[in-house]
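See below for the structure under consideration.
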Amino acid sequence: MRYTINKQPTEVLLEIAKRQVKMRKSKRFTQQEVATRAGVSLGSLKRFETTGQISLESLLKLAHFFDCLTDFDLLFYREDTSEIEKLFSKK
């Protein structure tokens, strides 16, 4: 799923949490199993699944557990000049 600039951060967090719940359930893991195996507190996992709120470290631990950690590799990665900046510089 792609995010647009029209989404608020809380909406993005909730969508990520929903995908994590779906993945957890598809693998038939309980919240306790995921929390223990990922190294996060059960309270943190429950809060994440209901509100989308979680520390970055805990989110990365969950991503590692679900083999999704490489999805973060492109976060904040940009080429030196964006396409929009290139267009404006041609004027």
**OP:** Check region 66-82 and report whether any residue there is at pLDDT 95 or above, touching a Ser or Thr at 6+ places or on another chain (Cβ under 8 Å) and surrounded by 10 or more Cβ atoms within 10 Å (Cβ to Cβ).
**Re:** no
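Of all residues being assigned to a loop (DSSP other than H, G, I, E, B) and surrounded by fewer than 11 Cβ atoms within 10 Å (Cβ to Cβ) in region 1-20, which is modelled with the lowest pLDDT? Just the residue, please.
Ranking the candidates gives M1 first.
Residues checked against (1) assigned to a helix (DSSP H, G or I); (2) loosely packed, with under 14 Cβ neighbours inside 10 Å:
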position: K22; (1), (2): yes, yes
position: R28; (1), (2): no, yes
position: S44; (1), (2): yes, no
position: E49; (1), (2): yes, no
position: A63; (1), (2): yes, no
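The values are calculated or read from the model by the stated rules, or taken from the named source; none is laboratory data. Computed from a predicted structure; not experimentally measured. Please note: Cβ atoms are built from the backbone with ideal geometry, for glycine as well, and neighbour counts cover all protein chains shown.
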